[in-house]
Amino acid sequence: MIPKVRKAVFPAAGLGTRFLPATKAMPKEMLPLVDKPLIQYGVEEAINSGISNIIIVTGRGKSAIEDHFDVSFELEHNLETRKKKDLLKIVRDVSDMIDVSYVRQKEALGLGHAVARAKDIVGSEPFAVVLSDDVIDSEVPCLRQLLDVYEFYGASVVALMEVPGDAISAYGVVDAEPISHNGGRDRLFRVRNMVEKPKPADAPSNLAIIGRYVLTPEIFHAIESTPAGSGGEIQLTDALKYLLRSRPVYGYKFEGTRYDAGDKLGFLMATVEYALKRQDLGKDFRAYLKTLPL
Ligand code: G1P
């Protein structure tokens, strides 16, 4: 029997330097896309994929994340007395949605190191990892797509996306062979090798790892056996490469649109697209955009 994935780990201890000064006193995970913080999109994706046990790896100055997912008595009382039922529901839904635990990553020593902080809470179960910088708009939640592969093969799965040209250097990149799945050979890959942030000339393919993973618990031992790599940090990609020695790892080219909300331009693109899709704002926002002398 393939064990069920019940937990999702959200690394959120990064310094957010790309968004300074906005992130000087506020975690980048709390930057709002229209009116919801980035991390909530990831949390809702996990919930819609069937996972409501959330583990957030935080660091210094991240208490706004904890407050966000906590009950806010003062605010709820205020909305209740003012009979603001809709707003009350929005606020309550956030804290009702999840069973959340927090663990601290004292130093930002890399993504692999962040994931390893969750070891005691995860235990010896398979689990998901969600990087909330990667916002993915899709009909079937991206994490659900990976879980479907996991539930079939019982092995670790990473999300993949084709990235053109030199931009590939910003990612973990896989060397992988396509395998037949659901009547096609264009989405599922068996990973042969992988490398974190290669120089364009050294990239083994144009298939980049995007921030959604389903990992089997052997990854913790792999992380412990992995020395610091790219940027002097303990990389999850390197640990997955180590895991490959003893376990298969799959890659799935997910269906959907991914925004790099950790980057200013990507964040702006996501903001515009999500605003245009909103029932309450889309029409007026589109009309406004059309007035711009572009
Ligand atoms: C991290 C991972 C990288 C992955 C990327 C996806 O990099 O280390 O392998 O391709 O997320 O967004 P970061 O963006 O944190 O530098």
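The values are calculated or read from the model by the stated rules, or taken from the named source; none is laboratory data. On a predicted model such as this, the values are computed, not experimentally measured, just so you know. Note: ideal-geometry Cβ built from the backbone for every residue, glycine included; neighbour counts use all protein chains shown. Note: areas computed on protein heavy atoms with side chains; ligands, DNA, RNA excluded. Shrake-Rupley method; radii C 1.70, N 1.55, O 1.52, S 1.80 Å.
With the simple spin-label model, which puts each label point 7 Å out from Cα in the Cβ direction, the Ser95 to Arg247 separation comes to 3.6 nm. DSSP beta bridges fully contained in the chain are about 60 percent antiparallel. Under the combined filter of DSSP loop state and at most 14 neighbouring Cβ atoms within 10 Å, region 46-108 retains these GluC sites (Glu not before Pro): Glu107. Holding the Cα-Cα limit at 20 Å, pick out from Lys24/Lys264; Lys36/Lys106; Lys28/Lys106; Lys36/Lys264; Lys4/Lys106 the pairs that are longer than that. Flagged as over cut-off: Lys36/Lys106; Lys4/Lys106. Computed over protein heavy atoms with a 1.4 Å probe, the carbon and sulfur contribution to the accessible area of the chain reaches 52%.
Taking a straight Cα-Cα cut-off under 19 Å and skipping sequence neighbours fewer than 8 places away in the same chain, the aspartates and glutamates within cross-link reach of Lys85 are Asp35, Asp70, Glu74, Glu76, Asp93, Asp96, Asp280. Placing +1 on the Cβ of every Lys and Arg and -1 on the Cβ of every Asp and Glu, with no other charges, gives the chain a dipole of roughly 180 debye about its Cα centre.
Region 167-201 and region 248-291 have Cα centres spaced 24 Å apart. Comparing Ala222, Ala239, Ala275 in a Gaussian network model of the chain where C-alpha atoms under 10 Å apart are linked, the largest mean-square fluctuation is found at Ala275. Comparing Gly232, Gly61, Gly50 in a Gaussian network model of the chain, where Cα atoms under 10 Å apart are tied by springs, the biggest mean-square fluctuation is seen for Gly232.
Rounding to the nearest 20 debye, state how big the charge dipole of region 126-180 is about its Cα centre with +1 on each Lys and Arg Cβ and -1 on each Asp and Glu Cβ. Before the final figure, lay out the partial values.
Working: 1 positive and 10 negative charges, 37 e Å.
With Lys and Arg at +1 and Asp and Glu at -1, about 180 debye.
Using θ = phi - 60° in the Karplus curve 6.51 cos²θ - 1.76 cosθ + 1.60, the 3J(HN,Hα) couplings for region 106-116 round to 5, 10, 7, 9, x, 5, x, 4, 4, 5, 4 Hz; x is entered for Gly and Pro.
Under the convention that each Lys and Arg Cβ holds +1 and each Asp and Glu Cβ holds -1, the size of the dipole of region 1-78 around its Cα centre is about 480 debye. Accessible area per residue for the chain is 52 Å², calculated with a 1.4 Å probe on protein heavy atoms, without ligands, DNA or RNA.
The trypsin sites (Lys or Arg not before Pro) of region 146-197 that meet both conditions, a loop assignment by DSSP and at most 12 other Cβ atoms within 10 Å of the site Cβ, are Arg185.
Between the DSSP loop rule and a limit of at most 10 other Cβ atoms within 10 Å, which GluC sites (Glu not before Pro) in region 17-62 are left? Numbers along the way, then the final one.
Values: sites: Glu29, Glu44, Glu45; in loops: none.
Here no loop site has a sparse enough neighbourhood.
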